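A short write-up of the structure that comes next.
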Amino acid sequence: MHNCHDVVIVGAGIVGLATAMKLTEHGAGLKVAVLDKESQEARHQTGHNSGVIHSGIYYRAGSLKARTCLSGARQLVRFCREHDIPFEVCGKVVVATETEQLPRLQELFRRGQANGVPGLRMLTRRELQELEPHATGLQALHVPSTGITDYARVAQGYARVFQNRGGQLLLNHKVLDIQAGGE
């Protein structure tokens, strides 16, 4: 039997599944399929990353990357809450251990503020020791909005939502060839 889809996405990682989920979000009537050669979602990059929920301090102020990073982090945390996927907004500190690193730390603070990263603050050596006793440095940037999650679990959550909306997840389907063609 020949299946016909409006959209076929190759790869059941976080990007492919998030895209598929968004395509089926508002009942647009699209027939969407996600194909992957593996037996389960997130078997490659998605399942092997650090799990960091990025804050947006590293991107140029006002850039599309900065805006999407902040928006994406908020959406990700909301999705995790709604679907009982473990996450922790634990924050992080970026530490300058040498005098030459202080201007870069100030630039990260400036970028973060310009991008609207919530709760940023510069820490003195003493404040750093109080917050993170095992860290030493001249000065630090506290980024409380950074977090961690398990992106393989997030991808599985995206897959469930996608399938509940009528999407087709086709695992163990290796793409061997793609040809341009007409109707």
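The values are calculated or read from the model by the stated rules, or taken from the named source; none is laboratory data. This structure is a prediction, so every number in the text was calculated from the model and none was measured. Backbone-built Cβ (ideal geometry, glycine too); neighbour counts: all protein chains shown.
Tell me which residues, restricted to segment 34-71, are hydrophobic (A, V, I, L, M, F, W, C) and either crowded, with 19+ Cβ neighbours inside 10 Å or out of contact with any strand residue (DSSP E or B) (no Cβ under 8 Å at 6 or more places or on another chain) (or both).
Filtering segment 34-71 for residues hydrophobic (A, V, I, L, M, F, W, C) gives 34-35, 42, 52-53, 57, 61, 64, 66, 69-70.
Residues satisfying the conditions are V34, L35, A42, I53, I57, A61, L64, A66, C69, L70.
I'd like to know if segment 97-113 contains one or more residues that are part of a strand (DSSP E or B), in the same structural domain as L141 (by TED's automatic domain parsing) and within 17 Å of S55 (Cβ to Cβ).
First, pick out the residues of segment 97-113 that are part of a strand (DSSP E or B): none.
No; the residues of segment 97-113 include none that is part of a strand (DSSP E or B), in the same structural domain as L141 (by TED's automatic domain parsing) and within 17 Å of S55 (Cβ to Cβ).
For L105, are the conditions met, namely being touching a residue at least 24 places away in the same chain (Cβ under 8 Å), over 30 Å from G166 (Cβ atoms) and surrounded by fewer than 20 Cβ atoms within 10 Å (Cβ to Cβ)?
Details: touching a residue at least 24 places away in the same chain (Cβ under 8 Å): yes; over 30 Å from G166 (Cβ atoms): yes; surrounded by fewer than 20 Cβ atoms within 10 Å (Cβ to Cβ): yes.
Considered against the rule, which asks whether it is touching a residue at least 24 places away in the same chain (Cβ under 8 Å), over 30 Å from G166 (Cβ atoms) and surrounded by fewer than 20 Cβ atoms within 10 Å (Cβ to Cβ), L105 comes out as yes.
If we keep just the residues of segment 41-95 that are assigned to a helix (DSSP H, G or I) and β-branched (V, I, T), which is farthest from T19 (Cα to Cα)?
Filtering segment 41-95 down to residues assigned to a helix (DSSP H, G or I) leaves 45-48, 64-82.
If we keep only those that are β-branched (V, I, T) too, we end up with 46, 68, 77.
On the way: T46: 14, T68: 14, V77: 17 Å.
Ranking the candidates gives V77 first.
Of all residues in segment 128-183 being among the hydrophobic types (A, V, I, L, M, F, W, C), part of a loop (DSSP other than H, G, I, E, B) and outside the structural domain of Q106 (by TED's automatic domain parsing), which is farthest from E82 (Cα to Cα)?
Our first condition is that a residue be among the hydrophobic types (A, V, I, L, M, F, W, C); within segment 128-183, this holds for 128, 131, 135, 138, 140-141, 143, 148, 152, 154-155, 159, 161-162, 169-171, 175-176, 178, 180.
Filter again for part of a loop (DSSP other than H, G, I, E, B), leaving 135, 138, 175-176, 178, 180.
If we keep only those that are outside the structural domain of Q106 (by TED's automatic domain parsing) as well, we get 175-176, 178, 180.
Details: V175: 33, L176: 37, I178: 37, A180: 40 Å.
By that ranking, first place goes to A180.
Quick check: anything in segment 81-93 over 30 Å from E41 (Cα atoms), at pLDDT 95 or above and either surrounded by 16 or more Cβ atoms within 10 Å (Cβ to Cβ) or not aromatic (F, W, Y) (or both)?
First pass over segment 81-93, keeping only residues over 30 Å from E41 (Cα atoms): 93.
Of the ones still in play, those that are also at pLDDT 95 or above are 93.
Okay, now just the ones that are also either surrounded by 16 or more Cβ atoms within 10 Å (Cβ to Cβ) or not aromatic (F, W, Y) (or both), so 93.
There is at least one residue in segment 81-93 that is over 30 Å from E41 (Cα atoms), at pLDDT 95 or above and either surrounded by 16 or more Cβ atoms within 10 Å (Cβ to Cβ) or not aromatic (F, W, Y) (or both).
Could you list, ordered by first residue, the pairs with Cβ atoms under 7 Å in which the first is in segment 14-29 and farther than 12 Å from Q156 by Cα and the second is loosely packed, with under 12 Cβ neighbours inside 10 Å, at least 6 apart or interchain?
If the second residue must be loosely packed, with under 12 Cβ neighbours inside 10 Å, no pairs are left.
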